[in-house]
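Remarks on the structure that follows.
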Protein chains: 2
Amino acid sequence: MRLLVVEDESLLAEQIREHLVQQQFSVDVAHDGADGWFKLSEYPYDLAIIDIGLPKMDGLSLIRKARQNDIKTPVIVLTARGSWQEKVQGLDAGADDYLTKPFHTEELLARINALIRRAAGQPDPMLHAGPVRLNSRTQQVWLGDDEVSLTAYEYKVLEYFMHNPNKVISKTELTEHIYDQDFDLDSNVIEVFVLRLRKKLDPDGELKPIETLRGRGYRFTMAVS
Amino acid sequence: MRLLVVEDESLLAEQIREHLVQQQFSVDVAHDGADGWFKLSEYPYDLAIIDIGLPKMDGLSLIRKARQNDIKTPVIVLTARGSWQEKVQGLDAGADDYLTKPFHTEELLARINALIRRAAGQPDPMLHAGPVRLNSRTQQVWLGDDEVSLTAYEYKVLEYFMHNPNKVISKTELTEHIYDQDFDLDSNVIEVFVLRLRKKLDPDGELKPIETLRGRGYRFTMAVS
DNA sequence: GCTTTTTGTTTTATTTTTGTAAAAATAAAG
DNA sequence: CTTTATTTTTACAAAAATAAAACAAAAAGC
């Protein structure tokens, strides 16, 4: 899961970033509205956290511009304490939720998770695909009755696959969702992780859960049993 | 599909209920806002129809309260005729659609079905042409019941054909759509790919899906069955 | 600070796809 | 009916993409 934080106060931005990274999110930070717009339009974020008061382009304009450009990334706006109007304006501009500064990180995390869940249309943290089951809250994965132990990145890749079953996912798309923006796209890590996932999810090579589409990417398909 | 109707006018409520039951929905009725809130929070409805003017707790408050509690059941609000403000307030409070009283039952049914469909997520973008079907999200192609496996370029060509059925497509046009600008137009790749597509889509040579128009190009035609 | 695990890189091997070229077939024109 | 142009088909070579293995670096755990 890849998030964007648009916040001009460096200290706060860094603080949020650290907390989110701790929660296994990939996080990019933009320090003004213009940069925020660039990043938001350029990368496929799963969620954006946007401060209302920003230099260059204020948060409201940023959200409006994004929505006008058909960017449907869920957005949480950060508003000043007691500013009832800001909250309403934010939601009107196209934000999905709001949070009043200062806030507890737990609160932010809860709202992030709720929004991501809502966006995925999946209130239940369990994802199923044939014999593979995944609990996105506990990050456990089972193959049939046996639990499969995955490393952090193996899990990220699988989770993305399971959120997008049957979809053709290019290596670029996978890379962008799993790593921060400045990652060497020429690397073959993705191939290696797909290899490792295949070995763990399909030790006997019978199920073929991850199909390769040469020149196009991968497709996660599992017979729904 | 289970629906909730929150409406204080007993006669109208019963009328709506009967129509919906006739359409195979399970329907619960609440006669005031408080009861509506209780039912909405307690049961997993697929959709709620809420009147704005209600005793105990008005419809707007009910919707707001539901949204604040992370209940994302799709909501249609019923507003009085000509009350432009009510409609806006309803949508702002978190409703998904509105309907002005009095209304035709067909209109209500259409909106219910639209909302349920929307909540179920976008259907896959399928293209059909006779026995050939193509899913542009998963890039899968079927011939009758059998999936046909195409390479990246074969897929590109077919997709272009299926987006332009019956149109005469010159080889230049195809080339320009499939390759970057600076591609050697003297090559016969297109012919080769058309050949390969024909073999895969029409192994028995009976359907003739891709017609040749000498000197002009190709035309993709498939009897619509 | 040492050990283990995980992540990412490099290298090599293998497979598949793409594009070329030439021959064969077909259609159109004279 | 013969010639010419165009398209289809075949066979093959080149290029590209992926898989796999082994290794190095980084991170995490003890």
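The values are calculated or read from the model by the stated rules, or taken from the named source; none is laboratory data. If you're wondering where the values come from, they're calculated on a predicted model, not measured in any experiment. A quick note on method: Cβ atoms are made from the backbone with ideal geometry, for glycine too, and the neighbour counts reach across all protein chains shown. Just so you know, the surface numbers come from the protein's heavy atoms only, side chains and all, with ligands and any DNA or RNA stripped out. Shrake-Rupley method; radii C 1.70, N 1.55, O 1.52, S 1.80 Å.
Of all DSSP beta bridges in chain A, what percent run antiparallel (nearest 5)?
On the way: 17 of 34 bridges.
For chain A, the DSSP antiparallel bridge percentage is about 50.
Where Lys and Arg each count +1 and Asp and Glu each count -1, what net charge lies around A:ALA34 among other residues with Cβ under 12 Å from its Cβ?
With Lys, Arg at +1 and Asp, Glu at -1, the net is -1.
Report the FRET efficiency, 1/(1 + (r/R0)^6), for B:VAL168 and B:ASP204, where r is their Cβ-Cβ distance and R0 is 30 Å, rounded to 0.05. My answer for the efficiency is 0.75.
Take every Cα-Cα pair in chain B and report what % of them are more than 27 Å apart. Counting pairs separated by more than 27 Å, the tail of P(r) holds 52 percent. For region B:147-225, the normalised intensity computed at q = 0.22 Å⁻¹ comes to -1.09 (log10 of I(q)/I(0), Debye sum over alpha carbons, equal scatterers, no solvent).
Hey, what's the per residue convex hull volume over the C-alpha atoms of region B:2-119, in cubic angstrom?
Details: hull volume 10.5 nm³, N = 118.
Enclosed volume per residue, from the Cα hull, is 89 Å³.
Extension gain, B:THR100-B:LEU213: 0.36 nm per intervening residue step, less the Cα-Cα distance, totals 35.1 nm.
Share of carbon and sulfur in the accessible area of chain A stands at 47%, probe radius 1.4 Å. Distance between the modelled labels on B:LEU109 and A:LEU12, one decimal in nanometres: 5.3 nm (7 Å Cα→Cβ projection). Compared with the dominant principal axis of the Cα atoms in chain B, helix B:10-22 is inclined by about 30°. For B:PRO55, the label point sits 7 Å beyond Cα toward Cβ; its separations from the matching points on the remaining copies run 6.0 nm, from shortest to longest. Selection among A:VAL194, A:TRP142, B:LEU213 by position relative to the dipole of the protein assembly as shown gives B:LEU213 as farthest towards the positive end (Cβ unit charges, Cα centre).
Starting from the label point of B:ASN113 at 7 Å along Cα→Cβ, the same points in the other copies fall at 3.9 nm, in ascending order. Relative to the longest principal axis of the Cα atoms of chain A, the long axis of helix A:105-120 lies at roughly 60 degrees. Here B:LEU91 yields copy-to-copy label distances, from shortest upward, of 1.5 nm, the label point defined as 7 Å from Cα along Cα to C-beta. Here A:LYS199 is the anchor, and the lysines within straight C-alpha reach of less than 20 Å, apart from those fewer than 8 places off in the same chain, are A:LYS156, A:LYS171, A:LYS208. Of all DSSP bridge pairs formed entirely within the protein assembly as shown, close to 50 percent run antiparallel. Helix B:152-163 and the longest principal axis of the Cα set of chain B meet at an angle near 70°.
Restricting the calculation to alpha carbons of the protein assembly as shown gives Rg and Dmax of 26.1, 78 angstrom. Lysine pairs in region A:2-119 whose alpha-carbon atoms fall under 17 angstrom of each other, counting only those eight or more residues apart or on distinct chains, come to 5. Calculated [222 nm] ellipticity per residue, helices only, for chain A: -12500 deg cm²/dmol; basis is -39500 (n - 2.57) per DSSP H run with n ≥ 4, divided by all residues, nearest 500. In this label model, B:GLU191 and B:ALA119 are separated by 5.8 nm, measuring between points 7 Å along each Cα→Cβ vector.
Given a Förster distance of 25 angstrom, what is the FRET efficiency for A:MET57 paired with A:PHE183, based on the Cβ-Cβ distance and rounded to 0.05?
Working: r = 26 Å, r/R0 = 1.06.
Working from the Cβ atoms, E equals 0.40.
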